[in-house]
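Contents: one structure, followed by commentary.
Derivation of every value follows stated rules applied to the coordinates shown; laboratory data play no part. It should be emphasised that the depicted structure is a prediction, and the values quoted were computed from it without experimental measurement. Methodologically, a virtual Cβ is constructed for each residue, glycine included, from the backbone with ideal geometry; neighbour enumeration extends over all protein chains shown.
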Amino acid sequence: MNEIRIAMAKGRLASQAVKLFIEAGINISEKLLNSRKLIFKVLDENIEIILVKPADVPIYVEYGTADLGIVGKDTILEENRDLYEVLDLGFGKCRFALAGLPQQKKSLLQRKVATKYPDFTRRYFKSKGEPVEIIKLNGSIELAPLTGLADTILDIVQTGRTLKENGLVVYEEIKDLSARLIVNKVSMKTSQTEISKIIKALEKAVNGG
Amino acid sequence: MNAFVEGVRDILPAELRRRRVIYKRIRKTFRNADYREVITPTLESLELYSGIEGLLDKSEMFKVVDENGQILVLRPDVTMPIARLAATRFKKTPRPLKFSYLTTAYQSKNSQSLNLKEKTQAGVELIGGDSLYYDVEMIALLIKSMKAVQIKEPLIDIGHADLINKVMRTLNIDLIIKNKLLDLISEKNKVELKQYLKELNISEQDKTILLKLISLFGRPKKVLSELNEISFSLEVKKVIKQLEKFFMILKELDLINKITFDPMLISRHGYYTGLIFKGYAGDHNILIASGGRYDNLTEKFGKGEPAVGFALEVENILEYLNLTDYSFKRKKQRIIINYEENHRYKEAHRLAEFLRKQGFIVEIFEELKDDDYIEFQGLDLQILLCKSRISIKNISDHNTNQIEYESLENKVLNKILDKIEEINR
């Protein structure tokens, strides 16, 4: 029996993931959420959980250091790694959207887009054939159009409240997002029995037992 | 000056020693199956690699411009040059051609975890044969090669390009849609596939087939029986029948327990036309080799013919061996001779020459070398010539053997050799 290592994105996604695992009958102690430890063994199961920054989950999984990973689709799209994406876990729902000030300037030669997701933004506009200047920011993206740093932002939108409170509107919805289960391509084959068991249990829990 | 280039590195003596063992074992395995080694040029024309759908992105190749302005590339893979060789210089020789290679390939980006730009690949190509038995030979040879380099649990994942290609053909869809579907299928992305299919104008039955296929893989027997329950077109059914026979032969050869079957295994190399396979080290989740059948590739050079081959990634094998802490058993043969007094130099020299003749690697020093030096050089035995005795120390366990002597006559030399052989036993 191979041990399965699961990388989880620290923060909100991890606590929802733990809940889902418990529903699926895999007994992960909720203690791990409040601990400073980064590695946890799951008693009775051949499972180890590691907690890492969201953007690092796909990296751990691509390299095979973790066999499975739980992370938002936004991160998967930005990291663009070579891995299997097998399950929509149904939580962490939001969407990628383009937004900006209500009166979009049509006469621009080239759009300036501020985003936390520069790589996805580059690929998105490339596929549309529109040249843009991409400005990578690390937070408070909404500030960019307000201060004139950029005219458009590409960001995740959940309820739209932050946009509204800052006087911004959605120009275009790009993609629905949610937490996903990702799998290392080699592990999927070499530890198929163990991994399939986990996928099936989680799938059942997602679909309401 | 910063003379450091990212993605390439020096190979130092300790690693090279290990590599030589791997090279030797791989070469022996290939040679025993009568694959003859060739070396193709490091520089190839860009045209050789262009125009092959899905082979390699041009941006991932290293380009060089020659004095005539022609663009050359540092060979990004070895299959193409060998296909060229077969279709040109060996156009009229009897088939099948069986070639092997062990050389470097250059890519500016690759998806494997080892981020090297210069990779060592060892592989075979069998050109001019399309029998199912050649496919079997490839799988058997790959397993044998993996075992030869001490991979404990070789696992071969097998797919077939025709399966997905023929399924796609019956769908009658645009290339862009086809590529998007292939991307999703290769990611096993059931979630997104489901969503994407909603917008597609294909029959419900085809949608169900695609959704079933995407999560179907594992032991050949189980996968085949599930495939047989799906209502495919006759064309696809023919491919499945062929695969059934293929797995049956592997079973007869007692290889089936090392095989998994993924009908939707899609390779980055778009030139594969039939069998596709990947070799993994099952106990450490490392990709060791990949290969497949490429029946259309040589057509480009004026002689279309069936071909099949695979390549082992030597750096990945080394990574695996580092993880398993495996050291190849070898004779203790690196010896350092220290002598105590000036007048013993002549005898130390004589002993060294005597041992070298026996095939040992010997160095001589007057002063006693410390452990740091001995460890760095990877020495096995230390022989100390004192005034009236010789001591032979085994570095790994610090055991010492003593031999009394007056002068280094033949009898004493043979005694030393006996002691060394005793240690080696």
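Could you line up B:V78, A:V157 from fewest to most neighbouring Cβ atoms inside 10 Å?
Exposure proxy ranking, most exposed first: A:V157, B:V78.
Based on other C-beta atoms within 10 Å, arrange B:M1, B:M264, B:M80 from fewest to most.
Ordered by Cβ neighbours within 10 Å, fewest first: B:M1, B:M264, B:M80.
Which angle from 0 to 90°, rounded to the nearest 10, does the C-alpha axis of helix B:190-199 make with the longest principal axis of chain B?
Tilt of helix B:190-199: around 30 degrees.
Helix A:192-206 versus the longest principal axis of chain A: what is the Cα-based angle in degrees, 0 to 90, to the nearest 10?
Tilt relative to chain A: about 60 degrees.
Run the simple label-point estimate for B:V65 and A:K31 please: 7 Å along Cα→C-beta, distance reported in nm.
Label at B:V65, label at A:K31, 6.6 nm between them.
With the cut-off at 1.5 for a/c, could you classify segment A:94-176 from its C-alpha gyration tensor as rounded, prolate or oblate?
Rounded, because the longest to shortest axis ratio a/c is under 1.5.
Would you please name the chymotrypsin sites (Phe, Trp or Tyr not before Pro) within segment A:82-174 that are DSSP coil residues with at most 15 other C-beta atoms within 10 Å of their C-beta?
For chymotrypsin sites (Phe, Trp or Tyr not before Pro) across segment A:82-174 that sit outside H, G, I, E and B with at most 15 neighbouring Cβ atoms in 10 Å, the list is empty.
Counting pairs of alpha carbon atoms under 8 Å apart in space and at least six apart in sequence, what relative contact order in percent does segment A:94-176 give?
Relative CO of segment A:94-176 lands at 51 percent.
Determine the shape class of segment B:237-330: with a ≥ b ≥ c the square roots of the Cα gyration tensor eigenvalues, call it rounded for a/c under 1.5, and otherwise prolate if a/b is greater than b/c, oblate otherwise. Don't skip to the end; give the middle numbers.
Details: a/c = 2.39, a/b = 1.46, b/c = 1.63.
Since a/c reaches 1.5 but b/c is at least a/b, the shape of segment B:237-330 is classed as oblate.
Gaussian network model of chain A, Cα springs within a sub-10 Å range: biggest mean-square fluctuation belongs to which of A:S35, A:S15, A:S187?
Highest fluctuation among the options: A:S35.
I need B:H398, B:H160 ordered by Cβ neighbour count within 10 Å, fewest first.
Working: B:H398 8, B:H160 27.
Ascending number of Cβ neighbours within 10 Å: B:H398, B:H160.
Just to be sure I understand the model, the point goes 7 Å from the Cα along the line to the Cβ. What's the resulting B:E409 to B:E341 distance in nm?
Spacing of the two 7 Å Cα→Cβ label points: 1.9 nm.
Using θ = phi - 60° and the Karplus form 6.51 cos²θ - 1.76 cosθ + 1.60, what ³J(HN,Hα) does each residue of segment B:348-359 get, whole Hz, x for Gly and Pro?
Once rounded to whole Hz, the list reads 4, 4, 5, 4, 4, 4, 4, 5, 4, 4, 7, x.
Do any of B:K166/B:K207; A:K200/B:K222; A:K128/B:K180; B:K152/B:K278; A:K175/B:K212; B:K198/B:K222 go past 19 Å between their Cα atoms, and which? Before the final figure, lay out the partial values.
Numbers: B:K166/B:K207 15 Å; A:K200/B:K222 17 Å; A:K128/B:K180 15 Å; B:K152/B:K278 16 Å; A:K175/B:K212 25 Å; B:K198/B:K222 29 Å.
Result: A:K175/B:K212; B:K198/B:K222 exceed 19 Å.
Hey, what did chain A get for relative contact order, percent, Cα under 8 Å, at least 6 apart?
29 percent
Counting only residues 5 or more places away or on other chains, whose amide H sits under 5 Å from the amide H of A:L87 once H atoms are built in the peptide plane?
A:L181
Working from the pairwise distances between different alpha carbons, so that the mean of 1/r is found and then inverted, what is the protein assembly as shown's Kirkwood radius in Å?
Taking every pair of different Cα atoms in the protein assembly as shown, averaging 1/r and inverting gives 28.7 Å.
Rounded to the nearest 500 deg cm²/dmol, what is the calculated helix-only ellipticity per residue at 222 nm for the protein assembly as shown, with -39500 (n - 2.57) per DSSP H run of length n ≥ 4?
Roughly -11000 deg cm²/dmol at 222 nm, from the helical runs in the protein assembly as shown.
Amide H to amide H, which residues 5 or more places from A:V71 or on other chains are under 5 Å from it, using H placed in the peptide plane?
For A:V71, whose amide H was placed from the backbone, the distant partners under 5 Å are A:R180, A:I182.
For chain B, what's the relative contact order in percent, using C-alpha pairs closer than 8 Å and at least 6 residues apart?
Normalised by residue count, the contact order of chain B is 15 percent.
Report the FRET efficiency, 1/(1 + (r/R0)^6), for B:E375 and B:D130, where r is their Cβ-Cβ distance and R0 is 60 Å, rounded to 0.05.
That gives a FRET efficiency of 0.65.
By how many degrees, between 0 and 90 and to the nearest 10, does the Cα long axis of helix B:410-424 differ from the longest principal axis of chain B?
Computed tilt is about 40 degrees.
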